[in-house]
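One structure is given here, and the rest of the page talks about it.
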Amino acid sequence: MQQDIVFSTFLIFAGASVLATFALYTRQPVLIAYIALGALVGPFGMGWIEHPEQLENMSHIGIIFLLFLLGLDMQPSSLISVLRQASTVGLVSSLLFFIAGFAVTWVFGYSQMDSIIIGLALMFSSTIIGLKLLPTTVLHHKHMGELMVGLLLLQDMLAIFTLILLGVMKGESDMPVWQPFLALPLLIGVAYLTVKGILLPLITRFDRYQEYLFILAIGWCLALAEGAQLVGLTYEIGAFIAGITLATSPIAQFIAISLKPLRDFFLVMFFFALGAGLNLGMLSSVAFSAIALAIVVLTLKPVAFRILLRRFSERTSLAWDVGFRLGQISEFSLLIGFVAVESGLLTERGSLLIQATAIITFVVSSYIVVFNYPNPIAVSDKLRRD
């Protein structure tokens, strides 16, 4: 039966409003309500929404807008300086997480190839969780926000390399391994010249027309996101470059304020689709290994980031803060699992293990941040920062 998009949207947001109200009354993070709703009405629950993958494709736009808005809040000079530090921390931590993921999965009796893929999936932290729980007005202009962005962007590049590697292992990739690393500086250069030569003159001339500026910003964000995808990068990297090249424009803050509701609309759909995609019937087959893997992620990632960042003279409190905010696996992990299953490199059981670990770490790490660090959805007035 064809899925009714109007009914699906109604179900998501009406149901989310009910569960989010319950979550707020019981002092729980609202992200948990969206994931729980997906599991409840999705194909493995009541079955009211049979094809959550269609909604997941739409919800990806929310991630694109999230990175675009983040770029608008960051000056290019600050990003360059923090990337130097993030490169070492990101590479060393990713190697450590891969080894831990491989070892734990191997101990639980998974095949060598499953263990390798799952180890690769554990290298990354969630861009959405990390940045959704990062206060926009308080931390995006501070060193911690810049540091997190640097680490997440580096992980995005590693994720691209991993996806290309999976294609090479299956013999299906036509893209050279070096292509994304050459495409990145070229895309940045084209974006900078386009903003300087075309967009800024247009903004200066038509700055009285807010609707035009809104459309221009969305068009620029999605155009560069699509361009990045075409040259072997990701939509997220393209959107971030689109944002950072406009960061010095006079309308940067206007765009940021205008797009926040649109971003939140699609992010609700993302978390719903995440819950709806979990196969509850097969969950028992990976329950113990998923819990063990989640415990490793939730403990190892904060400790590893704390130790590595302290070696670069970061404050202990900042190092712990960054570590706990990045103490989960990523939406890229889910994508790697999907691609590996489609290529025949990963078993269905291995893919379900990645999904279950992702949801457990998303939920627990959200609780840790919401109850202990400043964030926009904190249940405590003392910690709530927009």
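The values are calculated or read from the model by the stated rules, or taken from the named source; none is laboratory data. Everything numeric in this text was worked out from a predicted model, so none of it was measured. All Cβ positions, glycine included, derive from the backbone under ideal geometry; neighbour counts span all protein chains shown.
Brief remarks follow.
- The residue of the range 105-127 that is farthest from Ala294 (Cα to Cα), among those that are of a type in the set (Val, Ile, Thr) and crowded, with 23+ Cβ neighbours inside 10 Å, is Thr127.
- The range 211-247, residues that are of a type in the set (A, V, I, L, M, F, W, C) and assigned to a loop (DSSP other than H, G, I, E, B): Val231, Leu233, Leu246, Ala247
- Residues satisfying the stated conditions in the range 219-239, i.e. out of contact with any Gly (no Cβ under 7 Å at 6 or more places or on another chain), buried (at least 19 other Cβ atoms within 10 Å of the Cβ) and either free of Cβ contacts under 8 Å to residues at least 60 places away in the same chain or more than 13 Å from Ala191 (Cβ to Cβ) (or both): Trp220, Gly232, Thr234, Tyr235, Glu236
- Pair list, Cβ < 8 Å and 6+ apart or interchain, from the range 331-353 residues that are part of a helix (DSSP H, G or I) to residues that are among the acidic types (Asp, Glu) and at pLDDT below 85: Phe332/Asp156
- Of all residues in the range 18-76, exactly one satisfies the criterion of being of a type in the set (Phe, Trp, Tyr), buried (at least 18 other Cβ atoms within 10 Å of the Cβ) and over 20 Å from the mean Cα position of the chain (by Cα), namely Phe44.
- Failed condition for Lys301, given (1) assigned to a helix (DSSP H, G or I); (2) within 30 Å of Lys260 (Cβ to Cβ); (3) out of contact with any Gly (no Cβ under 6 Å at 6 or more places or on another chain); (4) in contact (Cβ under 8 Å) with a residue 60 or more places away in the chain: (3)
- Any hit, the range 284-304, residues being charged (D, E, K, R) and modelled with pLDDT under 90: no
- Filter result for Asp321 (surrounded by 24 or more Cβ atoms within 10 Å (Cβ to Cβ) and acidic (Asp, Glu)): yes
- Every residue from the range 10-39 that is part of a helix (DSSP H, G or I) and without any contact (Cβ under 8 Å) to a residue 24 or more places away in the chain: Phe10, Ala14, Ser17, Val18, Leu19, Ala20, Thr21, Phe22, Ala23, Tyr25, Ala33
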